Every structure is written in structure tokens, then in C-alpha cells.
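Data block below; observations after.
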Protein chains: 2
Amino acid sequence: MNDIIEKLNQYGIQPTPQRIAVADFVLKTDTHPTADEVWAIVRQRCPTLSRATVYNTLNLFAEKGLLKLPPIKEGVAVFDPHVAPHHHFIDEETGTVYDVPWEAVSVAGEKTLDGYEVREYQVVLRGRRRK
Amino acid sequence: MNDIIEKLNQYGIQPTPQRIAVADFVLKTDTHPTADEVWAIVRQRCPTLSRATVYNTLNLFAEKGLLKLPPIKEGVAVFDPHVAPHHHFIDEETGTVYDVPWEAVSVAGEKTLDGYEVREYQVVLRGRRRK
DNA sequence: GTTCGTGCAAACGGTTTGCAACAAT
DNA sequence: ATTGTTGCAAACCGTTTGCACGAAC
């Protein structure tokens, strides 16, 4: 418990009971919870916890680098007319998604992943468009 | 125009005026439009087109394989307590997201991408969890 | 007493759904 | 007549915001 408080301090986050409770769950889980899942679970221990606080807390954590939002599932649906496999580059300034040709990047090792039967994959790159 | 109709038929989609108009735009663009962007643009040529029809049409297209929803940006935000770089595997049956160790998959060529300054990347894999 | 965090409820934006009108077979 | 498609509006769900209360320094 103290390690949690210390970690919050370490990241410049004032440790409040609610934040500690959220961190205690979210930093120890192996799943990738949604905000509402976090709320449902942490509320059991901290019944006064409101949804807004969970959202605020998670956003704060992400901002401070305690958490990440993986580049999957994060906004609205976009549609891709190119059905053939290719990779994606996301411009971090504008959010624009660019197609990267399949041959431009090569991936190895995906066939031998233990426990996973990979049907398709792609590389998602993030950075800046070079002018 | 006829090639569009033919393509719709080919994918088992009944070609209606609205669907043709949507397909005509969405299959020819290089961008990754959101449903609302599609609506805004196609409505200029087909002013009666409703939002609902655009959503229905795009979902139908995706279902039939005419379009893809890239594994980026597609639902609610999920939070990842593992800040260190790693890859993600998405179980297509359950939607569960698993972490894949960074070393399990190797990527080459991402440094020499012309026009892109890559800051981070990850491989997103999809398939079935092997029991 | 000012600052910061919380809780509530309302607002918001993207997406879906229910339903009545309509077209095509 | 049945089936499938459209348009509208309302519902929906996840998320954000405004605001008043409360705690801490």
C-alpha cells in the first residue's frame, strides 16, 4: 500500500484515497480495463467513488505516465478501403492515419508465439510526419 | 460507376443509390474517414442521405469485407498499466487484449521509413487464443 | 481562505435502434 | 404480400464538464 503512495508521489500525483484505490487495482491487474470496468471494481472497496473521479484519475495517470492508452481502441471508428494487409502510421500532431506498405516493415517471430494463433497482424507506428 | 455496382454485387451487397454513392467515395479515397466524414462528403452529392444510412452502409461494407476497421481507434479507451513497450494480441472471439513481450516479435525497417519520424511502434496481432 | 479533489448531474458526441414510409421483387 | 432499404428521431453508451461541497495546507 505504501509502495502505491510512493509511486504516486514519484509521478507527481497527490495521493488521495480514491487515487490510491484506483492505482491499487489498475497497476496490479494484467487485464486492459476500460474506465467503467475500473469503476465497477474499485467501487466495491470504495463505494463513494464516482465515475467522474475514475475518469479524471485515469486521465491524470495517463498524462503523468503512470499508465498508457495503447494505440488500439481509442477513439471513433475509422474505415479503411484497403483490404490488403498494410501497416499504419499515426501522426501524433494531427491524428492523421497513413498507410504504410506491407513491405516497408518486416516482422519476425509472430508465427511462433506460444499460445496464440495469429490470423493477422499489423504494425502501428506513431511519430511525426517528416516534411 | 458500373465497376462500383459490379463490386457491390460481387460482395453480395445490393446496390442502392445510397450505397453506390458511399462506395464511390470510400473506395476511392486514400484517407481513413470516420463515418461522419463520409456522411458530410457524400451528402453533397446525395443530399437526402441520412446519417443512419451511412452507418448502416459502412457496417454492412465492413461485414462483407469491402472495408476494414483497422485495429486502431475502434471502441472505448483501455488503459494499460505496463508502460514499457510491448505488443498486443487481441482475441477475436472475446475481444480480450493480451500483452505480448517485446522480444517475442521483432520488427525491422521501421527506422528507414521515408517521410516518417517514428517515435514508437508496436505490433497488433489478432487471432485466437490457443488452448 | 485559497487551492485542490470529489461527487453529482447534466451535457456531449459518436453510434445504434425503433419505426413508419417506401421500393423492388 | 413479402422482403429489404431508407430517413427521421429518439435512445444509448462512454466520456467530459460545470458546479457546489469538502478537505488540506
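Read-outs: derived from the displayed coordinates by stated rules, not from any lab. These numbers come from a predicted model, not from an experiment. Reconstructed Cβ throughout: ideal geometry from the backbone, glycine too, with neighbour counts over all protein chains shown.
A few remarks follow.
- Filter pass, A:Asp99 being more than 21 Å from the chain's Cα centre (by Cα), within 11 Å of another protein chain (Cβ to nearest Cβ), surrounded by 15 or more Cβ atoms within 10 Å (Cβ to Cβ) and of a type outside the set (Val, Ile, Thr): yes
- With a requirement of 1 or more residues that are without any contact (Cβ under 8 Å) to a residue 24 or more places away in the chain, the strands (runs of 3 or more DSSP E) lying completely within the range B:78-131 that satisfy it span B:97-100, B:106-108, B:116-129.
- Residue match in the range A:83-94 (condition: out of contact with any Gly (no Cβ under 9 Å at 6 or more places or on another chain), under 25 Å from A:Gly12 (Cα atoms), more than 8 Å from DNA strand C (Cβ to nearest atom) and of a type in the set (Ser, Thr, Tyr)): no
- Complete set of residues in the range A:96-126 that are touching a Lys or Arg at 6+ places or on another chain (Cβ under 9 Å) and either on the phi > 0 side of the Ramachandran plot or among the charged types (D, E, K, R) (or both): A:Asp114, A:Gly115, A:Glu117, A:Arg119, A:Glu120, A:Arg126
- Options A:Arg43, A:Arg19: the member that is more than 19 Å from the chain's Cα centre (by Cα) and within 10 Å of DNA strand C (Cβ to nearest atom): A:Arg43
- B:Val78 in contact with a Lys or Arg (Cβ under 7 Å, 6 or more places away or on another chain), at the interface with chain A (Cβ under 9 Å from one of its Cβ atoms) and buried (at least 19 other Cβ atoms within 10 Å of the Cβ): yes
- Pair list, Cβ < 6 Å and 6+ apart or interchain, from the range A:46-61 residues that are more than 14 Å from chain B (Cβ to nearest Cβ) to residues that are within 8 Å of DNA strand C (Cβ to nearest atom): A:Leu49/A:Gln18; A:Thr53/A:Gln18
- Residues that are surrounded by 15 or more Cβ atoms within 10 Å (Cβ to Cβ) and away from DNA strand D (no atom under 14 Å from the Cβ), drawn from the range A:14-28: A:Ala21, A:Ala23, A:Asp24, A:Phe25, A:Leu27
- Selected residue (only one of B:Asp24, B:Asp30, B:Asp36 is among the acidic types (Asp, Glu), facing chain A (nearest Cβ under 9 Å), part of a helix (DSSP H, G or I) and out of contact with any Leu (no Cβ under 7 Å at 6 or more places or on another chain)): B:Asp36
- Taking the criterion of being surrounded by 15 or more Cβ atoms within 10 Å (Cβ to Cβ) and either part of a loop (DSSP other than H, G, I, E, B) or more than 16 Å from DNA strand D (Cβ to nearest atom) (or both), the residues of the range A:56-73 that qualify are A:Leu66, A:Leu67, A:Leu69, A:Pro70, A:Pro71, A:Ile72, A:Lys73.
- Of everything in the range B:2-13 that is more than 13 Å from every other protein chain (Cβ to nearest Cβ), more than 9 Å from DNA strand D (Cβ to nearest atom) and surrounded by 14 or more Cβ atoms within 10 Å (Cβ to Cβ), the residue that is nearest to A:His87 (Cα to Cα) is B:Leu8.
- Checking each residue in the range A:46-55 for being surrounded by fewer than 19 Cβ atoms within 10 Å (Cβ to Cβ) and within 16 Å of the chain's Cα centre (by Cα) picks out only A:Tyr55.
- Selection count, the range A:62-75, where residues are of a type in the set (D, E, K, R), at negative phi and facing another protein chain (nearest Cβ under 7 Å): 2
- Among the candidates B:Lys73, B:Lys64, residue that is more than 29 Å from A:Ala23 (Cα to Cα), within 16 Å of DNA strand C (Cβ to nearest atom) and not hydroxyl-bearing (Ser, Thr, Tyr): B:Lys64
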